[in-house]
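Since every read-out is calculated from the coordinates, none of them should be taken as a lab result. Note that this is a predicted model, so its numbers are computed, not measured. All Cβ positions, even for glycine, are placed from backbone atoms using ideal geometry, and neighbour counts span all protein chains on display.
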Amino acid sequence: MKSGRGERDVTGIGVDETLMSALFAAVGAGVYAVDDQGRVFACNPWAEQLLGYEPGTLIGVDAHRALHPPGAGAAAVPAQRPTSKDGAPGRRTSGDRAVFLRADGTSLQVWWTAAPLPAALGHGEGAVVVFHDATAEREREGRRAERYAHSETMREQAEYDLAEATWLGELTLAMTSTLDTDEALHRLVRQLVPRLADTALIDLAEGHGYRRAAHAHHIADVLPAASSEQGEALPRHPAHHAAVSRVMQGGGPQHLTDLAPAAPEETDLMAVVQAEEAFVIPLRLRATTFGALTLTRAPAGPPFNVADRALAEEVARRISLGLDNTRLHAAQADIATALQRALLTALPDVPGIELAAHYQPAQHTAEVGGDWYDAFLLHDGDLALVIGDVTGHDIQAASRMSELRNMLRALAVDRPEETPGQILRRLDTAQARLTLADSATAILARLRRTTSGAWQASWSVAGHPPPLLITADGVGYLTGARAMLLGLRPTAERPTTHTELPADATLLLYTDALVESRAQSLDEGMTRLRQHVTTHRHLPLPELCAKLARDLGDPRDDITLIAARTPPLAPRRHGA
């Protein structure tokens, strides 16, 4: 180790100074010693190399001034200064945030340790300082900090993206959870404010114009919450009306920044919501324009930026998909209903008896069902009444229902002398051999007028809810002639039961959706039907059937009824 004074033995032990110099040179850290005046009187080659001094030139340097010049800025000289004062007697100090000034004026980041000199060396209250180059470590720490900051940024972005995706999913759910277009749009606009805008308006194309379907404002009662007609009662802003009209005619998104009223005394919708700017986006899918979405922001809010517009266009795309889905479903439901009605029979005109039938399709499905009713005359003037239900709700069920209905007609007409039970047995056999349907329920009733003018009924039930007989004396189910549904045991005998039909009596046949649903059992439904009929039995027959379907039926399923009413007793003539 280089020293500014003669070398001496301070330990009383013979020390190999050559070995000590070699050790100091190879230690891998800078080492220098200062006296009580702060001057360097000894150092190793590493200290000279790290501080940029030529060999031997660091000796005698005032470390207080050269390495820590007074008056330097805090950025160049940190608070940590390893000097002779830091090495007070009996105390060792260290630091990891010091910066030394090298000989060429550049800085060197170091971590250091300072210890007091032994008094026996004769340099007063000096210190020995050991320091290491911390530049690489600082750079690694900086890179770690950058990576951490980047990861935090990525985490925040991921959380934002997840929140946005969740929100968009909620919008999609609002559009797809109901097939009522206006209800879906009312749900949706309430989720757009204040997340995306202060006000949200949805206008739907209608004829040659458009109508306000839904709107919402982020402050309650500024706009009516439920009635869109009240929203339309406010005059339209000319610029906004023109923008919506352009969109309806195929134009792209419209950004409006001048929304001042056309006349100061006029109060239009844009003035009511204090709109500073508006963004009008088409609700369009492929070549079909369904309407327009308008988003507005007040002066207190930030203007629409590029990200807001991109998000608004994604919202409009999802609304368009929902509107298209609703339109397609409505079209399919119309087709299904028309097909189902085409498969049902027109009722014959039968003297002496009144007939009525009612078919109500499921409200929330676009599928045809297997329900059917039928009424036709046999060659001897008897009337055949049929009600049935083929398993399934699809085109295949409707097709098999049609085959089964036509087969039953043919069998009944071919052998009119047979009882309803015999005819259903032959239908069961034909169904098994021809695979007309997997399973089905049915009632075949035969109404015959006697020579006295009264009506008799005979019937057979194949796994179907029993007929209901309504008379002046009361209402009750005809529980006889029951057997298993069609398709289980084709060779099984099927019973037939007979009864007289009083004057002004009604025989009602119906499908299970009238009396059974997820909300009630079959027994509960049959009790409700009997009670309801008791109250409303005096209604005209078509009205009675329609009311029963409307009040009692499960709207999630097809409901079918057919009824026959015998004429009332003729009034007695005076003197007869």
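A few points about this structure:
- Net length gained if the chain between A22 and R530 were fully extended (0.36 nm per residue, minus Cα distance): 171.4 nm
- Under the simplified labelling scheme, the S452-Q49 pair shows an inter-label distance of 13.3 nm, with each label point 7 Å from Cα along Cα→Cβ.
- Expressed as a fraction of 2.2 N^0.38 Å, the C-alpha radius of gyration for the stretch 447-576 is 1.18.
- Projected label distance in nm at D258 and L321, using a 7 Å step from Cα toward the beta-carbon: 3.8 nm
- Applying 0.36 nm per residue to the separation of A492 and E543 and subtracting their alpha-carbon distance, the gain on full extension is 14.5 nm.
- Lys/Arg +1, Asp/Glu -1 at C-beta; the stretch 440-576 dipole; positive extreme among T450, H536, V461: T450
- Take the Cβ atoms of L434 and T345, set R0 to 22 Å, and the FRET efficiency comes out at 0.55.
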